[in-house]
Amino acid sequence: MAKIFLFGIVFSLMILSPFCLAETSYIEVTAKNGTGNSKSITTALKRIGEDQRSLLVRRGKWVISEEINIPSNVSLTLEKGASFVIEKEGKLKINGSFEAEGLYQLFDGEGKVKFGDGFLGQVLPQWWGNLDAQDDDTVICQSAIDSGALCVRFPKGKYDIDAVKKGPKTDPNDDNQWYGGLDVASNLTLTFDPGAVIKVIPNDARVYSVVRITGKENVRISGAVIDGERDEHKGTTGEWGHGIAIRGQSKNITIENVMVSGCWGDGIYIGEGCPEDVLVENSKFDNNRRNACSITQGRNVLFKKCTFSNTHGTGPHKGVDIEPNVESDVISNVVFEDCYSYKNLTQGFSLARDDKQNHPVTVTFRGCISEGDGTGFGIDIGPSDTAGVVYISNCVSINAQESGFRCTSANMPLQIDGLYIVNPNQKNEKPVFGSGFVLWCKVPYYKDKDRVKYTGNITARNVNVFSSDGKAHFALYMDNELGDKSGFKNIDIELKTNMPDEKRFYKGNGPFTGYFKINFSDKMDAVGQTNNAVK
């Protein structure tokens, strides 16, 4: 009987011991008369030591006047109504898990709150301030971004952001001094709930940025909606107010499911220091003033299933404008795949540069659609005498106001395999602007009339020009307005059209050098043979 009794005692202890552990698995600190201090918290942390336990902070204002480090073995939990006031000399670093209930301000004061590597959760801007109590939420949101957390989540609501950098400008003409907005840190994800909107505060600046990624790595932005201020803008000059600006040697950047509209400049800008490994996916850029998308430098940049629309206000007015600023800028492996452009004032998809580049240029448009743009696809005033290649594959231009495709004074290699041009010249322009596929030598923007600048190095297959309304002047149009110092060189084009013989090909001024082959594969007749001749 004694053995049975002892076994019963041991068994009872085995059952009760987990509950005893649970009762002592946390230590709590209580604020007397609604106010707590650093000493209470540091004392509690000493009691916990290296054990895996929770620190429960009861409701009240906790004044932090020294540096407190919450180690990774401690789970910090705030009771609803608890908050920290970090004095100027204070600092609170949270290395473990952190829990707080509700959307209210948890951190106040001039000191800093940092989350260490052991914190794997997400933080909310609302923890740093009351968004409903002020007209500028930039500091609140930036505090969350600077906290060291790996993820900042923006719940549903409006976030008023000042896109202009604060403080005096030592050189008002230095654009870099004007970029403001949210300065995104490396190794950070910004995620926006449905209904979360960044509203740009109206300004008069020539240059600004709403979300700024400069020289950062491993950044992900998901679900952001940026509502620009072009209709409320207080100035009249400049064209560089960007929604998202990716600059410097930024690397491994992902932008997904975002909407940027109404900016004074571009919806998204990539350049100034060759950002690398950038993915923009399932995103829309609408009603921006200069371009929906500008790329002046970039390596391994992919836009996938994005929409660029309704760009107008100041030149160039394009959906996509790939345009290096200087000859040393790098445009390497820039790809637009399954993207859609519509109702942009001048061009849907464009590569432009009135000069040569030091580095080979590689750009691909694959499976893209332009609808109702000024021109569908354009290689616009260059680049010339540049290595590399531009690919256009299985793309479509529908109802272009002018041409479906136009190459103007450019001769870097161009390879087309699948370009469908439907009903160009909806604006009833003259032939050089109102034909389906246009190759044109014209005076460069810089008026360098003495420079030899030819159009060519073009190989095109599966080009289809279809006009059901009769507005297109010609299926293929070629003309040189620069005289003997220019012309066409190395042209090999195969196309089909439903247009009559007299509208198939306008062959204007040459000279035509190198190889020159034009083949209408739907009608192998004398017209095609004549146009195959080298002249």
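The values are calculated or read from the model by the stated rules, or taken from the named source; none is laboratory data. Bear in mind the structure is a predicted one, so any value in this text is a computation, not a measurement. When we count neighbours, we look across all protein chains shown, and the Cβ atoms used for this are built from the backbone with ideal geometry, even at glycine.
Of the residues screened, Ala410 is one that is part of a loop (DSSP other than H, G, I, E, B) and not acidic (Asp, Glu). Taking region 467-522 as the region of interest, the strands (runs of 3 or more DSSP E) fully inside it that hold 1 or more residues being modelled with pLDDT of 95 or more and in contact with a Pro (Cβ under 9 Å, 6 or more places away or on another chain) are 476-480, 486-497, 505-507.
Among the residues making up region 198-231, those that are touching an Asp or Glu at 6+ places or on another chain (Cβ under 8 Å), more than 22 Å from Lys166 (Cα to Cα) and not hydroxyl-bearing (Ser, Thr, Tyr) are Arg220, Ile221, Gly223.
Conditions tested, residue by residue: (1) assigned by the TED database to the domain that holds Pro360; (2) over 25 Å from Ala205 (Cβ atoms); (3) assigned to a loop (DSSP other than H, G, I, E, B); (4) under 15 Å from the mean Cα position of the chain (by Cα).
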{"position": "Trp264", "(1), (2), (3), (4)": "yes, no, yes, no"}
{"position": "Tyr269", "(1), (2), (3), (4)": "yes, no, no, yes"}
{"position": "Cys274", "(1), (2), (3), (4)": "yes, yes, yes, yes"}
{"position": "Arg289", "(1), (2), (3), (4)": "yes, no, yes, no"}
{"position": "Asn300", "(1), (2), (3), (4)": "yes, yes, no, yes"}
{"position": "Thr314", "(1), (2), (3), (4)": "yes, no, yes, no"}
{"position": "Asp321", "(1), (2), (3), (4)": "yes, no, no, yes"}
{"position": "Asn325", "(1), (2), (3), (4)": "yes, no, yes, no"}
{"position": "Ser332", "(1), (2), (3), (4)": "yes, yes, no, no"}
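In region 340-354 there is at least one residue that is modelled with pLDDT under 95, assigned to a loop (DSSP other than H, G, I, E, B) and out of contact with any Phe, Trp or Tyr (no Cβ under 6 Å at 6 or more places or on another chain). Tallying residues that are within 29 Å of the chain's Cα centre (by Cα) and in a loop (DSSP other than H, G, I, E, B) within region 104-122 yields 5. The set of residues from region 123-151 being under 27 Å from the mean Cα position of the chain (by Cα) and assigned to a loop (DSSP other than H, G, I, E, B) comprises Leu124, Asp135, Asp136, Asp137, Asp146, Ser147, Gly148, Ala149, Leu150. Figure legend. Inter-residue proximity from region 77-99: first residues β-branched (Val, Ile, Thr), second residues in a loop (DSSP other than H, G, I, E, B), beta-carbon distance below 6 Å, spacing 6+ or different chains. Indicated pairs: Val85/Gly109; Ile86/Gly109; Ile86/Gly111; Ile94/Phe119. Please list, ordered by first then second residue, the pairs with beta carbon atoms under 7 Å, 6 or more apart or interchain, first in region 208-224 and more than 17 Å from Gly248 (Cβ to Cβ), second in a strand (DSSP E or B) and charged (D, E, K, R). Here the result reads Ser222/Glu256, each pair linking region 208-224 to a residue that is in a strand (DSSP E or B) and charged (D, E, K, R).
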